[in-house]
1. Applying the Karplus parametrisation 6.51 cos²θ - 1.76 cosθ + 1.60 with θ = phi - 60° to the phi angles of the stretch 34-39, what ³J(HN,Hα) value in whole Hz is obtained for each residue in order, glycine and proline being reported as x?
2. Send over a whole-number figure in Å² for the accessible area per residue of the stretch 151-297, probe 1.4 Å.
3. Can you give the charge dipole size of the stretch 151-297 about its Cα centre, rounded to the nearest 20 debye, using +1 on the beta carbon of Lys and Arg and -1 on the beta carbon of Asp and Glu?
4. Add -39500 (n - 2.57) for each DSSP H run of 4 or more in the chain, then divide by its residues: what number comes out at 222 nm, to the nearest 500 deg cm²/dmol?
5. Nothing charged except the Cβ atoms of Lys and Arg (+1) and of Asp and Glu (-1): what's the magnitude of the dipole of the stretch 1-141 about its Cα centre? Round to the nearest 20 debye.
6. Please find the FRET efficiency linking L67 to D36, where r is the Cβ-Cβ separation and R0 is fixed at 22 Å, and quote it to the nearest 0.05.
7. Could you give the C-alpha radius of gyration of the stretch 151-297 expressed as a fraction of 2.2 N^0.38 Å, taking N as the number of residues it contains?
8. Viscosity 1.306 mPa s, temperature 10 °C: give me the Stokes-Einstein translational D for the chain in µm²/s, with Rh taken as the Kirkwood radius over C-alpha pairs.
Amino acid sequence: MILAQRLAILTAVLTLVLIAVGAFVRATGSGLGCPDWPLCHGQAVPPGEKEAWIEFSHRFIASIVGLLVIAVAAAAWKYYRHVPLIVWVATATVPLVGFQGLLGAITVVRELPPEIVATHLVTAMVVLSCITLVAVAMWMEDERHRESVARFRDAARVPGAWALAGLGWLAVTFWVGGYMAESGASTACSGWPLCNGGVLPGADDQEITHMLHRYLAGAFVFFVVPALVTAWRRREQLPWARPYVVALGGLYAMQVLVGALNVWYTFPDPLTVAHTAIAAGIWGVLSAGAALGFYQPYRATAVRPLPRAEAPA
């Protein structure tokens with residue numbers, strides 16, 4: 001069982017790496033470094049061009065993630081067959097990764113349409129949530145943790161609810177952000193927090209797209225703050241509250257700073273990658289918070305014999 005837990009955690013971490021590499025592909029303009037799929041310039045190994053190798057590295061890591069997802073599903077069936085949620089979420093993630101690969105192929109064949117790129121990004125986040133849920137559920141099902149899990153069940157509900165609501169809001173923010181990046185709207189607004197000197201965007205579609213992403217990202221604070229406050233107030237009851245608050249609060253502060261620096265320095269590649277990677281980290285932390293808040297550990301319901309006094313004659 002410990003092997004299965006470690007495998008799920010490794011898969012979640014490598015999914016984060018995959019998302020960061022995908023951001024690097026977009027930032028460097030390497031999305032069509034391999035203009036065909038699944039081969040690269042008709043070859044299994046790409047030619048020597050830098051863009052081709054950057055795009056190929058993304059595909060290579062995606063292949064590893066796909067194999068790990070299959071391995072997690074196999075481990076779930078072997079070690080957690082008695083826990084339906086773990087088994088079925090782990091199993092459902094396999095075709096979800098296949099769908100993600102299909103979106104990647106469509107992205108290349110149709111030459112990077114913004115709406116497909118954005119959907120590709122959000123689907124990657126859903127995969128991360130599924131693997132995180134499986135990892136957390138495996139941890140909560142561990143016999144060594146059952147006692148502590150039983151103590152924090154009720155206290156975790158409210159922070160979990162705020163985490164789940166934050167994920168919903170963040171999904172929309174991600175989609176608009178992915179669309180913005182691929183449509184060329186990233187540089188439509190100079191200055192931060194204003195857009196070309198104004199609070200509201202002009203009539204230009206790219207300015208509107210850019211500012212919509214900023215508005216969504218700004219309003220996200222109304223989900224982050226309650227998630228932090230409710231978890232911190234329950235820190236004596238929740239053994240995971242302190243690291244959760246530190247991780248979520250720290251990542252959010254970094255994300256705000258990196259977002260501003262991106263605009264001020266016209267989206268240099270390192271900051272662009274960091275912006276997406278940190279956002280994915282926030283998504284992963286919220287996914288863990290939601291799982292800790294709502295996952296109900298399985299309890300075997302063996303039929304108990306009736307007390308002797310109640311046994312039928």
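1. My calculation for the stretch 34-39 gives 10, x, 10, 8, x, 6 Hz in order.
2. 46 Å²
3. 920 debye
4. After summing the helix terms and dividing by the residues of the chain, the value is -25000 deg cm²/dmol.
5. 400 debye
6. Efficiency computed from Cβ-Cβ geometry: 0.50.
7. On the way: Rg = 16.7 Å, N = 147, 2.2 N^0.38 = 14.7 Å.
So the stretch 151-297 has a normalised radius of gyration of 1.14.
8. 75 µm²/s
The values are calculated or read from the model by the stated rules, or taken from the named source; none is laboratory data. From a predicted model like this one, the values you see are computed outputs, not experimental measurements. All Cβ positions, glycine included, derive from the backbone under ideal geometry; neighbour counts span all protein chains shown. Each accessible area value is taken on the protein alone, full model and side chains, heavy atoms only, with ligands, DNA and RNA left out. Shrake-Rupley method; radii C 1.70, N 1.55, O 1.52, S 1.80 Å.
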